[in-house]
Every structure is written in structure tokens, then in C-alpha cells.
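Trainee: Take this structure first; my questions come after.
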Amino acid sequence: MTISRRKFLGWLGAAGMSTAFGKSAAAATHEHFTGYPNSFAILHDITLCVGCRICEDACNKVNHLPPPDKPFTDLAVLDKHRRTTTKAYTVVNKYENKGPSKGPVFYKKQCNHCLEPACASACFVRALTKTDTGAVTYDSSVCVGCRYCMIACPFEIPTYEYDQVLTPRIQKCTMCYPRIIKGQLPGCVEACPMEALSFGKRKDMIKLARMRFRKHPDRYVDHIYGEHEMGGTSWLYVSGTPFKDLGMREDLGVTPAPQLTAGALSSVPVIAGLWPALLAGIYAVSKRKEKIARTEQEQAVAAAMDKKGAAKTQTEEES
Amino acid sequence: MSQVTTGEQRSIFSLFNFIAFIVLGLGIYLTYLRFTGGLAAVTNLSDYNPWGLWISFDLLCGVALAAGGYVTSASVYLFGMKKYHSAVRPAILTAFLGYALVFLAINYDVGRPWRLPYPLLVQQGTTSVLFEVGLCVATYLTILFIEFSPAAMEWLGLKKARNLVVKLTILLTIFGVVLSTMHQSSLGSLFLIAPSKLHPLWYSSYIPIYFFVTSIIAGLSMVILESTLSHRFFAYKMDETHLKEANDITFGFGKAASYVLAGYFAVKVMGISSGNNWHYLKTEYGTWYLVELLGFVALPSFLYAMGVRIKSLGLIRWTSVLAVLGVILNRFNVCLVAFNWQLPPDERYFPRWTEIGISIFIVMIGLVLYRFIVTRMPILYEHPDYKDAH
Amino acid sequence: MHQVFYTLQDFMTHTESVTYLLVIATLVGMTLFWLFLTGKDED
């Protein structure tokens, strides 16, 4: 049947067109974004972390979080890999050492405060914002609780207060935003006894990491994790152990999250602009076809009537 | 228009009423649990699995299966296929109830449902695909309500209002297709932001196209399915036109669905090619992908075609069930099965019975409302005062 | 471009906001224009 084929082709063609337009529209932004110029970052030197969990304790105190199920001095907790929870913005995990030094490897995990946060891109009410300090903050006064930010985060960081009925919130590391705008250090950075955490301008932290690579080339894997991952993060990591052996994903790519959906979003204006014209056109064509069919039918009836009339008159004349 | 209520119909209805009573009662209790204990009290959602059954079924499947509204109204009013006219009102009703129930389900799922107007009225997260979904779905629900309203107005005797709304039909239909294209595809686009979490066989930059095309397949198939069930339970409400056009609708929509399924199959294969993901087909997930693609896309396409060729209404009707299940399977795969595929088994999600209970409760509300409307309002027949409906 | 955008996120928030407003204007405009276009049609 021609009509169903046309319908299918019409729909698919238009949809395909809008995808093509969508891709090129996203690429039309030739701008390159370098982030807020003086934003802060934290450099986590994994070779210096001893797994003491004092940073977790500090974070808990600074953020007035509820007391943990097991005390922070309990190091047996490290035998199982943990993720962030609504009560723990940061966790230290233990891994087998596959690098040059001896003993197990520990690293501290928390929100990476991405330069182009997937959570901020995903939030349909702008509850998550990348501030000019570098911190990605959460505004619980507008959050609807859709949890799309949790779907979006490639690092599996945001947590949700599922047990709260009236005030459930997303919970995650804030980079101690209220402290850093006052010139203070984030709680974990200040508390770390091994100086495994350094705080400063992002460009300086990258320089610091490279300097350590230069000074101790055998100690480190030659890669700053977070320099480019997902378009770059504000929490940078250097390690003696390959990052994938620490459960840190090396397959995330360098594309910033907002770019992942930019193409799809750009199809919206194309559909809004062109589909009314396309559909109105289809309507006009089908109306015209109907009209022609009706006119032809009327003509055929009229011709038949004329014939009948002519035949009748002839018969009347004959009789 | 005689309303013959045979003994057989009455007994079926009371069995349904019995089940409905239980489901609705249980649903009210589960609603109480949800809003006194939070999501933790009734779901297995976790920090690794923030979206569960209510998103994959109530939202994703709900919206896809309600697509019959825009597909049917476009076919009749824009493409001029007048012989399907009697399918429009049932399709619009299904769509309207479908979207209304999606909205109801969302109120259960989000943490603070009273803040649902915030993205529109307080702060707009315009970079979010979910913003676009919300805006479109809300607008389209309004359009569907308006498209449905003539039936209600005819029932209530509001002649002037009804005639005014009917004048808007073409406009509403065009808007319906525009908005549906946007949000049907955007529901797929939601997952574009998580390439690291969705299995490569399902993650593709073509996801929006896949979701849009499958919404057409779902719409066409649901019209066939709904027509089959209506004839089984509400034949006594149907007028001559409705009964006469029914077979043509089944054949016509079956033919269309067959072809769209074939096109979808081709696009899916080309999608694998463009990602160079052939090697994934050899894996366990690959096998499951082939089950979805061959058993629930290629097979219904072929069966629909056979049904049309040998003129078997029965084959087409059963195939519509297969096609609908295929769309449901696809949504579940994208949202729950292929999503978080890299997480260890103990972190994977499976819905709790209470979640399933609320989903069934919501469907039951839809069925009860459908029956209420169809047995009172001119959906399956033309109101005698408005016979100029064509 | 008088407004500086440091992040793609900020850039897109701005451009998408403007785009959405234009989309609404387009849908309204296309409707009104079609009524204008078909205003004098027979039947």
C-alpha cells in the first residue's frame, strides 16, 4: 500500500533529517570552553595515602553528618569496597598493590567536581551548579527528586535519601564550598596527616602533579586522572598503581557530558520549525486529492446523467 | 442503539470488578506506605539504581503504548485515511488515559512530587533532556485532554463547546505529532548522557530515532490490541460504522506496523554497524539483544505481513501482542537490563513486590476509567445528535 | 558576544533557554501564519 509506505518514509525521513541537522548544529559551536579561570582543585596523591580514614572523620564533622555505623578508627571496614552514601560524602577504599612500592594501596573517593558536570547538565531544575570556585554545589530548595543526576554521573557519586518522606535530598561532597569561599581549606585536605591531599588553583595542581612525575618518575603512572576525563575534573589523582586496578574507570573518554546530549536537544527546534510545515503540507495534499476525487466523481455522475437524459429524450422522440 | 447486557457479559464484569476491588484496595494501602515511609518503604531503588520499575514501565512503556493517539489521528486527519475514522476516539482515549497515568506514576516516583511544576515555574534546567520531556509531556497531555473532550461534551450535551473544539482538530493533530515526535524520541535521549552505563548494543546516538520509531510500532499495535479487546468486551456498545470498519483497521494497521518494524530492524542493524559493535553479539548480552531484535522485531514484522497476505485477522491480533511486548522489552532493556550492565550482580536491581503492586494499581485505574468512559460516552459509537462527525 | 561563558554548561543553559522561547514562538507563529495562508481558501 503506497500510503503506509509514504507515511513511514515521511516520518523516518523527517526524523533522519532532524538527526543530521542535530549533529551539525551541535558541532556548529566551534567555541572551546576552558572553565572558570581561577577555580580550585584538589590533587590526591595516592602514593601518600595510608588509609587512616581521618579525612572521612573530618568530612563527617565539617558537614554535620550523622555518626557512622562503625567508627572511623575501624580499619577493618576497608576490607570491603564501599561507595559514597547519604552519610558518607567520601570513602577510602583499599586495593591490591600492583605498583612499585610495597603494601596495599588506598585512595579517597568523592565527587570529582567535574569541569562540565554531567549532574548539572542532567538536572532539569538547575539544582546542581558548577561554581566559579570549582565546587559543584547542590541546592536542595529546588530539587524535585527525579534522580536523573544519579543516572548521569559516570563516577557513581550522588546518593539519595530514599527513606525521607518530605525532605529527601541528594547528598554528595560539596568541596566544602562554604569554607573555601572564606579562604579555608576543605575539611579532608586540612585533616590529612600524610599531605596526600593538596588544594590550590587547578592549573597549579596540574603543575604540582607534573613536578612530582619529574622528580620521581619511577613512583608514578604517567597520567593525571581527571585532567581530561569527561572533559576534566577538579579532583585530580596521581598514582603508582594503574588507575584501573583501583576501580577507576579508564574508558570514560574525554567528551564533556553536556556534549553527549547536545545533538539530541538540537533536534527540538528543527522538529518545531519544520514538522508543522511538513504535516500541513501532507494535509493539504490529501485534502486536494479528496477534492479531485470528489470532482471526478461528480463529473462521472453528471456524464452518466447526461447520457441517461440523452437516451431518454431519444426514446421519447422515437415513441 | 440497544444496550444488551447479556448474562455472559455481566458475569465477566463482576469477576473483573472483584479483581479491580482487590487491586485498587491494595494500591491505596501501598500509596499510604509510599507517602508515609518514603521510596525506601516501597521500592528497591538504590544509589546505584535510582530508576526502577516505575520509570521503565510506567513512564517509558506508558508513553510508548499511548502513541496510538497521535499515530491514528495523523493517519485519519492528516493523511486522509478516512476508513480508519472509528479508530480515532478509542485511540485518543487510550492515549489520554495513558498520559494521565504516566503523570500519576511520576508523582509516586519523584522525591518531592509537589515540586513537579518547579522546572517550568521556578528554575529551568534547559540543558536537560528531562526538561524537554517534562515540558512536552505536560503540553501533550493538555492537547490530549482537549482532543478527548468532544466525546465528554457530547455526553454532557454541551453542543456549542463541542463544535468549537472539533474545529480545532487539524491544529491539535499537527501539534500532537510535533510534540509526540519530540518527547517520544527524548525519552530515549535521556540515556545518551550515560554511555559508560548502557551496554554498547543498546547505547547509540540513534537512540532517539529508535524510541520514536518504536512508538509508532507500539501505537499501531496497541490500536489493534485495543480494538480486539473492545470487541470482546464492549461489542454491544459499537455502532454499525465501528463494526464495519474494524477489520480494515486491523489489516491496515497490521500492514503499516509490519513495514515500520522492517524499517526499524534495518536501522537497528545499521546502528550496530555504525558503532562497530558486531563482536558484542557473541556475548551473553548479545544473545539477549538478538532475542529482542529477532524475536520481537523481525518476527512480528514477518507475522504481520503473513497475516495481511493470508487475510488472517487472528494472526495479526496475536502479533500485535508480540509487537507490544517487544516495545515493553526494549524499554526494560534500555532502562534496567542493559543499564548498569557492568555492575556486579549483588548491586543489580529487581523491583520489590510493592513496586509491582503500585504499577498494577495504576494500570487498573486506567482499565476502570476506560470502561467507565467507553460504556457511557460516544467512543465506540457516534452520538445520534452529532452524526456529522466525519 | 558580550557575555563570556567559561563552561559549555553555562553556554548551553543560555542558548537552550533562548531556543525554547523561540520554539514556542515558532509553534504559535506557524499556527497563525497557516491561518493567514489558508484564510481565503474555498471550502
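The numbers here are math on the coordinates, done by the rules we state, and not lab data. Quick caveat: nothing in here was measured; it's all calculated off a predicted structure. Cβ sites come from the backbone with ideal geometry, for glycine too, and all protein chains shown count toward neighbours.
Trainee: Could you compute the FRET efficiency for residue C:36 and residue B:28, with r as their C-beta to C-beta distance and R0 at 56 Å, rounded to 0.05?
Mentor: Details: r = 52 Å, r/R0 = 0.93.
Efficiency, from the Cβ-Cβ distance: 0.60.
Trainee: Would you mind checking segment A:145-167 for residues with the amide N under 16 Å from a putative spin-label position 7 Å along Cα→C-beta of residue B:356?
Mentor: In segment A:145-167, the label zone of residue B:356 (backbone N under 16 Å from the point 7 Å along Cα→Cβ) covers no residue.
Trainee: Kindly flag which residue pairs out of A:307/B:83; A:108/A:172; A:109/A:130; A:80/A:108; A:287/B:83; A:287/C:40 have an alpha-carbon separation exceeding 22 Å in this structure. Don't skip to the answer; put the middle values down first.
Mentor: On the way: A:307/B:83 32 Å; A:108/A:172 14 Å; A:109/A:130 19 Å; A:80/A:108 14 Å; A:287/B:83 15 Å; A:287/C:40 15 Å.
Pairs exceeding the cut-off: A:307/B:83.
Trainee: Work out the charge dipole of the protein assembly as shown with +1 on the Cβ of Lys and Arg and -1 on the Cβ of Asp and Glu about the Cα centre, then indicate which of B:370, A:221, B:224 is farthest towards its positive end.
Mentor: A:221
Trainee: Taking the Cα-to-Cβ direction at residue A:287 and at residue B:346 and moving 7 Å from each Cα, how far apart do the two end points lie in nm?
Mentor: So the two model labels end up 6.7 nm from each other.
Trainee: Continuing with the same structure: Consider a paramagnetic label point 7 Å from the Cα of residue B:167 along Cα→Cβ; state which residues of segment C:8-43 have an amide N under 20 Å from it.
Mentor: So the set is C:28-43.
Trainee: To the nearest 20 Debye, how big is the dipole of segment B:237-347 about its Cα centre, given +1 on the beta carbon of each Lys and Arg and -1 on that of each Asp and Glu? Display every interim value, and only then the final one.
Mentor: Details: 9 positive and 8 negative charges, 81 e Å.
Taking the Cα centre of segment B:237-347 as origin, the dipole is about 380 debye.
Trainee: Give the separation of the Cα centroids, chain C to segment B:44-63, in Å.
Mentor: One Cα centre to the other: 33 Å.
Trainee: Please tell me the relative contact order of segment B:180-233 in percent, rounded to the nearest whole number, where contacts are Cα pairs under 8 Å and at least six residues apart. Could the numbers behind the result be given before it?
Mentor: Values: 28 pairs, mean separation 20.7, N = 54.
Contact order relative to length: 38 percent.
Trainee: Along the charge dipole of segment B:289-368, which of B:344, B:302, B:329 sits closest to the positive end, that is, farthest toward it, with unit charges on the beta carbon of Lys, Arg, Asp and Glu (+1, +1, -1, -1)?
Mentor: Of B:344, B:302, B:329, it is B:302.
Trainee: Could I ask something else about it? In deg cm²/dmol and to the nearest 500, what is the mean residue ellipticity at 222 nm of the protein assembly as shown if only DSSP H runs of at least 4 residues count, each as -39500 (n - 2.57), divided by the residue total? Walk me through the intermediate numbers first.
Mentor: On the way: 24 runs with 413 residues, N = 752.
Value at 222 nm, helices only, nearest 500: -18500 deg cm²/dmol.
Trainee: Starting from the Cα-Cα distance between residue B:294 and residue B:309, subtract it from 0.36 nm times their residue separation and give me the gain in nm to one decimal. Before the final figure, lay out each step's value.
Mentor: Values: separation 15, 0.36 × 15 = 5.40 nm, distance 2.08 nm.
Here the answer is 3.3 nm.
Trainee: Computed FRET efficiency, Cβ-Cβ of residue B:244 and residue B:17, R0 30 Å: what is it to the nearest 0.05? Numbers along the way, then the final one.
Mentor: On the way: r = 31 Å, r/R0 = 1.04.
Efficiency, rounded to the nearest 0.05: 0.45.
Trainee: Only four residue types carry charge here, +1 at the Cβ of Lys and Arg and -1 at the Cβ of Asp and Glu. Report the dipole size of chain B about the Cα centre in Debye, rounded to the nearest 20.
Mentor: Working: 27 positive and 20 negative charges, 112 e Å.
Once rounded to the nearest 20, the dipole reads 540 debye.
Trainee: Assign unit charges at the C-beta atoms only (+1 for Lys and Arg, -1 for Asp and Glu), then state the dipole size of the protein assembly as shown relative to its Cα centre in Debye, rounded to the nearest 20.
Mentor: Values: 70 positive and 56 negative charges, 102 e Å.
So the dipole magnitude of the protein assembly as shown works out to roughly 500 debye.
Trainee: If you don't mind, there's one more thing I want to ask. Which ³J(HN,Hα) values, rounded to whole Hz and listed in residue order, are derived for segment A:239-247 from phi using the Karplus coefficients 6.51, -1.76 and 1.60 in 6.51 cos²θ - 1.76 cosθ + 1.60 with θ = phi - 60°, glycine and proline given as x?
Mentor: 8, x, 9, x, 4, 5, 6, 9, x
Trainee: Let me ask something additional. Using the basic label-point model (7 angstrom from Cα toward the beta carbon), what is the residue B:269 to residue A:75 distance in nanometres?
Mentor: 6.0 nm
Trainee: Got a sec? Charge dipole of segment A:29-113, +1 on Cβ for Lys and Arg, -1 for Asp and Glu; which of A:38, A:89, A:75 is way out at the positive end?
Mentor: Of the listed residues, the answer is A:75.
Trainee: Further question on the same structure: Once each part is reduced to its C-alpha centroid, what is the distance from segment B:249-311 to segment A:216-267 in angstrom?
Mentor: The distance from the Cα centre of segment B:249-311 to that of segment A:216-267 comes to 37 Å.
Trainee: OK, next. Indicate the helices, whole DSSP H runs only, in chain B that combine a mean Kyte-Doolittle hydropathy of 0.0 or more with a Cα extent along their long axis of 27 angstrom or more. Walk me through the numbers before you get to the answer.
Mentor: Details: long enough: B:7-37 (45 Å, 0.98); B:88-109 (31 Å, 1.30); B:129-156 (39 Å, 1.50); B:169-189 (29 Å, 1.17); B:207-234 (37 Å, 1.36); B:240-275 (52 Å, 0.31); B:313-332 (29 Å, 1.47); B:353-374 (31 Å, 1.92).
What comes out of the filter, once short or polar helices are dropped, is B:7-37, B:88-109, B:129-156, B:169-189, B:207-234, B:240-275, B:313-332, B:353-374.
Trainee: Using label points projected 7 Å from each Cα along Cα→Cβ, tell me how many nm separate residue A:277 and residue A:61, to one decimal.
Mentor: The answer from the label model is 6.6 nm.
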